[in-house]
Structures are given as C-alpha cells and as structure tokens.
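Comments concern the structure below.
The values are calculated or read from the model by the stated rules, or taken from the named source; none is laboratory data. The model shown is predicted, which means the values in this text are computed figures rather than measured ones. Please note: Cβ atoms are built from the backbone with ideal geometry, for glycine as well, and neighbour counts cover all protein chains shown.
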Amino acid sequence: MDIRAHAERCMKDTEVILRDAQEWMGNFITTDHQKNEVITVSSILFRVPVQVPHGHLGHSPSSHPSFAACYRDPSIPAALTIARCTHASGTGLSGQLSIAALIQRLEDEQHQKDQLKRDLAAEHKSRNNFQMEAERYESVVQRLEQKINEGSFIAVLIDGDGAKFADAFIRNPVDGAPRAAQVLKQAVRTYIENEVPELNGDDIPILIRVYANLNGLAQSLRLSRIIERDEDMKIFAEHLTNSRTEVDFVNVGRGKENADSKLRKMLSHYHNNLQCKKIFVACCHDNGYLHDLREYSDKNGLNKKIILVETTPAEPQFQTLGFPITRFDGVFRSRPLDNETKHLPPPLRTNSIQDTSPAAGLPVRQQSLPQAFPPPPPQPLPQSLPQPLPQPLPQALPKSPEQPTPQPQQQPARFVPTPASSESQPSPAPVKAEIEAVPRAPSIVNSGNGGTSISYATAGGHGGDFQNITIKSSKSKKQAKTILYNSEGSRIDPPTKHPANTPAQSTYQTKLEKVAPNAFCNDHYLVGICRRSGCERVHNIDLTPQEVSIHRYKARTSVCPRGPECDDYDCYLSHHCLKDPRCVRGSACKFYNTEYGNLHLDSNEKLQPATRWTQGSDFPEHLQ
C-alpha cells in the first residue's frame, strides 16, 4: 500500500477524532486555570491542521510517536484516544500536566467500568445458578411431599386397662374381636370424612394399638361377670391382633404404669412422624395423661393432630387442654366395671363430732363389689351388752331427727364409721361391743382388722365412773388378697408346713381313692368356684376344713405354669420350692429344672418381700 495514501487516511481519522474531542474537552474542565490552559492548547490543536512530519513518509504512521498516540483503536473510547494524542503532540508543561491528570482519571473510570461489567456478568451467572438450584430443590420437595402423602396414616392409641371394648365383642371373643376392629376403623373413617375431609378417609390406612395388662384385665372382666374365664379375654386379644395386619393388642404385663409408659412413647413417636396425620388417643379415664398431653397443647397449631376419645366419662381436666374430644359409642364400654375403683364424694360431717382424720374431706377410693355378691343384711347388736349404758352419751351426741329407730349403724353415739372400716364393704358388717377401762381423754385404738375406732372416756363431759365403750369392726370381714414379690420380681409364696397326722389324713385318702383315677377340682375346693365349662374333675364330694387343708398342701407341691411372675391372686400352686431357703434335694427337686429355670430362692434375702400388690389396687406398696 502507498504510504502517503495510508497517511492521508490516518489524517482523516484524526480529524474525526478531534471533532469528537471538542465535546469531551468541555466535560472535564473544572477550574478556570485549567480551562484557560486547555482552551489554549485546544485552539492550537484544533485549528492547526495535522500534517505528517517530514522525513517519515517512508515509515508506517503508527511508528511515529504522534501518529502512535493519535491512532484510534476501536476498543478504546474516543475521549481517551484524543487525550493521549494531545499529550503526545508536545504542548506546554502546564497543558501536559492537565492532560496527564485527565488521562489518569479516564483510565481509572475505565477500569471501574470494566470491573462493573465483570461484576454484572458474575451476578447474572450466580442468579442463573441459584435459579437452577431453586428449581432442583423445589423438585426434591415435591417428590418428598408426594412420598409423605403416599405413606400417610392415622394412629389409634388405646389404654386398654381403662378403655375397654363393648361387652358384646368380648363375650364372643372369636367373632367379636374382628367385628370390634372393623367397627372401630369405620368410626374413625366416619370422623375423618366429617371433620377432616381433605385426608380422604376412604383410602388412608388406620393403625390401631391397644396396650393393656392382659391378665389383670381378664381378671377384672371375670369378677364383673363379663366373661366366664380369663382365657376368653386372651382369645379376644389374639383374634383382635390377627384380624388385621394394622391392628395389635399388646400385653404389657403387670403394673399400671406399663400401659401408660407404652402409650406415652408411641404418642411421642407418632406425633413427630410427618406421615402420621391424626392420632386418636383413648385415655380420658386417667388423669395421669394430663401432664403429657398438656405439653403438646402448648405448641402452636400442633394440637390439631391429636384427638381424644372418651369412653367412660372423661375427667373434667381434659376439657381444658383444647383437644377435640369425640366418642365412639358402641365400640367401647361407657361405664366402669363393677369392681373398678371409683371416686366418691367426701363423707358428710356431723355437727357433734369433729373429724380429725388426715383424710377428712378428701375423695375416698372405694372398691365396689360385683352385683353377684350383695352386702349382708344388717344385724342387731349383741344382747349381752352390760346395762345400763352411760346416760351422758345422748347429751353430747344427740340423735338426728331422721333416725328415730335405734339401729346400730345409725347411732353416732355408739358407732363411728371410719374410712378404714368401710373401705371395701357397701354397708357395715356386724359389730362387736367391748367394755374396757380407759383414761379420761379420747384415744385411738386398733379395730383389730387394720382399721381404727375412737374410744370416749368422758363422752358426757363429766369425770364420773363411766366405762368406755369401744366399737370395733367384726374380725369376720374378708381381707383383701395380696401378692408379695422380692427385689428381683419373683413371687414369694406364704410359708406352709405339712399337715399334722390327724384322722383327717385317713379320711381324705379314703375319699381320694374313692374318686380315683379322677381327682378333686382345685378351683372348686380351693378357690370356691369352678368357672371352667365341662370340667371333668370331682366337685360333688364334701371335704371337711381339715381335708381341704390337706388338699391345699398337696396342690402347693406343684409348680405354677405361669412361673415366678404369676399375678393371679387365687393361685394355689407354688412359685418356688416349699423348702426354701434350705432345700437339700438338689437337681432331684421338681423346682430345680423348670421352664423358667431354677425356681429356688436359696437365701433369706431372696425371700425378703420388696413389693406388695393388693387386689383392687392400681399401685404396689413398696416395702423396702
């Protein structure tokens, strides 16, 4: 290419650049001094045509410093190119300093602009990455929600010790158990359809868990004449569990807290499980659950997951928790059993006697007897009481107008019932009067059967030669049955010894040989009643009390098939060797190698009772 033509093209480009610089120069002049200098430089620069320096026509324009500075690179802003060209043209010192400052400022702004472009590009990239991450996590959440909804279920937790199925189901255990499970599930589905329709009650699975002490529950039902045999309740539990894969009847064993503890743990487990949508809890009969349920009701919104099921009348405190409460009539019993403990109102006080008992005014836990055992009719006091009775008694203790007839149970001057003497009988038993010499002040004396009675030395308020009358409960009152366990949980049998060699030994042996090869029914002669239908043992032979004692000892020589944890109050078999702690028969003893291992309690420590269970009580008595 011709160098001159190339130079002319460069000059034309320079003229274009100079025209663009005219506008730029005005934007960067800030002071009058700099303005005057720049105007001087610009007037010279812009009005004098730029010519190619002489002697350089044979070279490339970019090789000359002036042309190198003025050559415009499309990637460089026009203003920066003009500034560099002006600086290279050789103006005065003052002008060069101003131009240098402008060039530096332009370069800084250019760097800042480039950095902003890079930051913007990075922001675009980050936003795109975040958007992609959000879409990915949203997809994961949707899949998890789908899995949770696909595996959702409803849990039904039942404290079977208090919430009992209806009698119609239990009395026919084989067919009643599957029907009970079906009716309960249908009741839950009906509630869900009416109250929580979004759960689609027709498809969602329902898990049912019943926790109860099976032996204790069976015994209570038998004593209340709901079932004839304890085995009926066990059959019901077995068929209930096998009726549906999602239904379980869990036997928690002896101890009231066992069922409570299981239910509390499962309530916490299902409450924390996102797949569990609703929890029906049948526990309103027991105030012990209030503390645990209150923890869930304090959490905002979480109490919508729990629904309480009322069977027997719910305790009033459950209404304050804020949970929905429903009833499944026809599924559970709505009334307690006849032999269950009940809360009774405090006894009425009379104006003439101040009750100083620590338990005065508090609810009394009274065990009601089954209707099959009505209370004995009242009997009059013995006619052998010394006469005359003290006369000041009626003055201190006037008779109520509603009690004109001098019945023994209605005379506060002669008979003062206490909680201990009326704990397990609906009406007082016949009483026995004793005449004793007593001090002048009232005193508390033992009633002879674990209770107390109040004796009055000066009931009339005078210090004469009056004799004290102490009214004690009859010793014929039936004591509650108890079971003792040692610290290892093994049952301790009451001590026994071989019956004495009396004529009863011979008569018993004669009667036993008479019914051989059959034998006497243990339940009939030792418990008092045989509830086994079709029992083939002998029931119609009369045995004297001495012969029954011999038969009882004979039964005690047999090993109880329930083992050392047997909780049957009527059990007449042995749960450890009769010779303990000094059995010398070794491996020849029938208690040495049993289904439960060696049942010998071979030390005095193992024969020391640690807990005592009383029939009708919900809690044991700790003796150590």
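Worth a mention:
- Residue count, the stretch 564-581 (criterion: touching a strand residue (DSSP E or B) at 6+ places or on another chain (Cβ under 8 Å) and more than 14 Å from G216 (Cβ to Cβ)): 5
- Looking only at the stretch 273-283, residues that are without any contact (Cβ under 8 Å) to a residue 60 or more places away in the chain and of a type in the set (A, V, I, L, M, F, W, C) come to 0 in all.
- H291 more than 13 Å from V156 (Cβ to Cβ), surrounded by 17 or more Cβ atoms within 10 Å (Cβ to Cβ) and modelled with pLDDT of 85 or more: no
- Here the condition is being touching a residue at least 40 places away in the same chain (Cβ under 8 Å), under 37 Å from the mean Cα position of the chain (by Cα) and in a loop (DSSP other than H, G, I, E, B); of L578, L599, it holds for L599 alone.
- Filtered residue count, the stretch 533-544, keeping only those that are exposed (fewer than 14 other Cβ atoms within 10 Å of the Cβ) and either within 15 Å of V515 (Cβ to Cβ) or not small (G, A, S) (or both): 6
- T320 among the hydroxyl-bearing types (S, T, Y), outside the structural domain of G616 (by TED's automatic domain parsing), out of contact with any Leu (no Cβ under 7 Å at 6 or more places or on another chain) and without any contact (Cβ under 8 Å) to a residue 12 or more places away in the chain: yes
- Considering (1) surrounded by fewer than 16 Cβ atoms within 10 Å (Cβ to Cβ); (2) within 30 Å of C571 (Cβ to Cβ), the lone condition that N194 does not fulfil carries the number (2).
- Positions within the stretch 111-145 being more than 43 Å from the chain's Cα centre (by Cα) and among the hydrophobic types (A, V, I, L, M, F, W, C), in sequence order: L116, L120, A121, A122, F130, M132
- Boolean, Y596 is surrounded by 15 or more Cβ atoms within 10 Å (Cβ to Cβ), at pLDDT below 90 and either aromatic (F, W, Y) or under 20 Å from P495 (Cβ atoms) (or both): yes
- Any chance E246 is surrounded by fewer than 21 Cβ atoms within 10 Å (Cβ to Cβ), of a type in the set (D, E, K, R), under 20 Å from V188 (Cα atoms) and at pLDDT 85 or above: yes
- Search result, residues across the stretch 583-593 that are in contact (Cβ under 8 Å) with a residue 12 or more places away in the chain and surrounded by fewer than 15 Cβ atoms within 10 Å (Cβ to Cβ): K590
Residue-by-condition table, conditions (1) assigned by TED's automatic domain parsing to the domain that holds K277; (2) closer than 30 Å to E315 by Cα:
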| residue | (1), (2) |
| --- | --- |
| Q146 | no, no |
| I170 | yes, yes |
| V174 | yes, no |
| R179 | yes, yes |
| V188 | yes, yes |
| I206 | yes, yes |
| G216 | yes, yes |
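- Any chance R136 is at pLDDT 90 or above, out of contact with any His (no Cβ under 8 Å at 6 or more places or on another chain) and among the charged types (D, E, K, R): no
- Residue match in the stretch 103-118 (condition: more than 25 Å from P336 (Cβ to Cβ), in contact with a His (Cβ under 9 Å, 6 or more places away or on another chain) and not assigned by TED's automatic domain parsing to the domain that holds N242): yes
- Matching option when the condition is at pLDDT 85 or above, loosely packed, with under 12 Cβ neighbours inside 10 Å and of a type outside the set (S, T, Y), among R349, R335, R327: R335
- Filter pass, R532 being assigned by TED's automatic domain parsing to the domain that holds L601, touching a residue at least 40 places away in the same chain (Cβ under 8 Å) and more than 19 Å from P495 (Cβ to Cβ): yes
- Of the set (1) exposed (fewer than 15 other Cβ atoms within 10 Å of the Cβ); (2) touching a strand residue (DSSP E or B) at 6+ places or on another chain (Cβ under 6 Å); (3) in contact (Cβ under 8 Å) with a residue 60 or more places away in the chain, all apply to E621 but (3).
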